[in-house]
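Notes follow once the structure below has been shown.
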Amino acid sequence: MSLLVIGLSHRSAPVSVLDRASLSPDSRVKLLQDVLAAEPATEAAVLATCNRVELYADVDKFHAGVAELSTLLARHSGVGLDELTPYLYVHYEDRAVHHLFTVTCGLDSMVVGEGQILGQIKDALASGQESHTTGRLLNDLFQQALRVGKRAHSETGIDRAGQSLVTFGLEQLAAGEDVGPWVRGRRALVIGAGSMSSLAAATLARAGVSELVIANRTAARAERLVAILGEPGGTGVSARAVDMGAVDAELTRADVVVSCTGATGLVLTADAVEKALAGGRELALLDLAMPRDIDAAVHRLRGARLVDIESLAEASADAPMAADVDQVKRIVNDEVAAFGAAQRAAHITPTVVALRAMAASVVTSEITRLEGRLPGLDERQRAEITQTVRRVVDKLLHAPTVRVKQLAGEPGGAGYADALRELFDLDPQTVAAVSRADRGGTGGRDAVDVKNRGRV
């Protein structure tokens with residue numbers, strides 16, 4: 001395993017840099033394609049959320065991988081490498097696994113313990129699979145990360161350590177009041193119909209807003225969200241969909257605005273908000289987008305209260321930590337050790353397969369030689385001799401191959417595969433062919449007989 005992660009988050013970079021470094025969906029796909037085309041990388045995945053951008057890759061060389069991936073991340077984010085580098089963090093092998101598991105459990109989130117990151121990890125894996133840039137390592141890694149995250153939420157009270165970013169943002173807007181009573185009876189405008197906006201709409205509906213308006217560039221998505229909110233057994237809120245051209249008019253009627261779109265420019269300008277505040281109105285605005293949807297100059301407008309990613313980061317720094325965090329950290333440490341052991345053990349499997357294939361070839365050769373020297377053997381005798389020789393070889397190889405797999409799973413066990421190849425003079429190309437076959441590639445059937453591989 002040569003896993004490398006390079007990224008930046010709200011913990012390493014100011015919001016102004018994160019804002020500019022955010023990747024559009026198209027940019028993520030192009031980044032993955034370019035990473036795979038780069039010499040050091042054989043697999044790649046991108047995790048991009050409102051407060052982090054991370055690139056995961058299986059690399060052949062550490063230093064070349066860091067240099068190439070950093071350059072590509074800067075190129076596709078649009079932030080110069082010299083400016084981006086001071087904010088980048090790098091994790092390798094077990095530390096990279098530990099980082100991803102920590103992120104998935106919500107320990108590295110702006111709001112500790114929030115569960116939305118699980119969906120974002122799942123999206124990153126799906127994107128890599130659709131782009132055909134993830135292989136066995138990253139598929140295994142991200143799927144295990146999802147299982148670790150679910151385990152953390154089911155076995156501990158980490159959910160009590162924090163809420164979703166939406167809930168936390170609304171609490172900041174309410175300025176100390178309970179969100180339910182504060183929002184009840186107000187008119188709300190939600191801009192966007194993606195996962196975060198949908199969560200915001202559902203949260204506001206359950207909290208008791210009197211009216212909910214959904215604005216989105218794709219009208220069908222807004223209408224679908226309105227239909228879901230109005231389904232039997234749903235929230236029962238009075239909701240309607242509008243196109244983006246109606247946002248300025250809806251601002252004049254709204255009391256609460258939540259915006260989270262994938263737009264690369266501002267969705268709400270300070271001028272538009274100022275016009276909506278005419279007549280002494282007040283407006284509470286929550287901007288969950290990265291890059292920002294709402295002009296930061298709104299902070300200075302009388303009657304407007306704006307909470308954005310930057311102010312959420314400041315507020316979350318003072319949030320109390322739950323005792324369950326320590327338990328989640330122990331789960332992460334245990335799962336990192338287990339994942340590393342499994343990967344190291346899997347690394348030696350092709351060598352063990354090649355060894356058994358070589359032994360089977362020797363048995364076949366010797367039986368053929370014996371048949372030539374003793375042509376008078378009948379079918380029963382030939383079968384008995386063949387079975388006896390195979391049993392002897394299997395018994396001789398059983399203990400060392402089982403033990404070497406156990407040893408390979410321990411820290412520092414990667415060298416046992418090399419030792420096995422040296423001791424038995426195994427052909428490296430044969431071992432490589434088995435590895436390709438295990439990954440679903442070609443060449444394994446030509447190098448190693450399938451029947452012999454099944455004897456492992």
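Quick rundown of the values:
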quantity	calculated
Helix-only mean residue ellipticity at 222 nm for the chain, each DSSP H run of n ≥ 4 adding -39500 (n - 2.57), per residue, nearest 500	-17500 deg cm²/dmol
All-pairs Cα distance distribution in the range 23-128, expressed in whole percent, bin size 10 Å	14, 47, 35, 3
In the range 127-220, the GluC sites (Glu not before Pro) that fall in loop regions by DSSP, at most 11 other Cβ within 10 Å	Glu177
Three principal axis lengths of the chain [C-alpha, angstrom, descending]	110, 52, 43
Mean accessible surface per residue for the range 2-148, computed with a 1.4 Å probe while every protein chain stays in place, in Å²	38 Å²
Long-range HN-HN contacts of Asn216 with modeled amide H, under 5 Å	Gly192, Val242, Met244
Note, ³J(HN,Hα) from phi for the range 296-301, Karplus 6.51, -1.76, 1.60, rounded to Hz, x at Gly and Pro	4, 5, 4, 3, 8, 7
Residues with amide H under 5 Å from that of Ala304, placed H, sequence gap 5 or more	Leu283
Percent carbon-and-sulfur accessible area, the chain, ignoring ligands, DNA and RNA, probe 1.4 Å	50 percent
Under 5 Å, built H, 5+ apart or other chain: amide partners of Glu43	Asp58
The range 328-421: GluC sites (Glu not before Pro) in DSSP coil with no more than 14 other Cβ atoms inside 10 Å	none
0 to 90° range, to nearest 10: angle between helix 116-130 axis and the chain longest Cα axis	50 degrees
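The values are calculated or read from the model by the stated rules, or taken from the named source; none is laboratory data. Being a predicted model, the structure only gives us computed values, none of them experimental. Note: ideal-geometry Cβ built from the backbone for every residue, glycine included; neighbour counts use all protein chains shown. Side chains included, ligands, DNA and RNA excluded: accessible areas come from the protein's heavy atoms. Shrake-Rupley method; radii C 1.70, N 1.55, O 1.52, S 1.80 Å.
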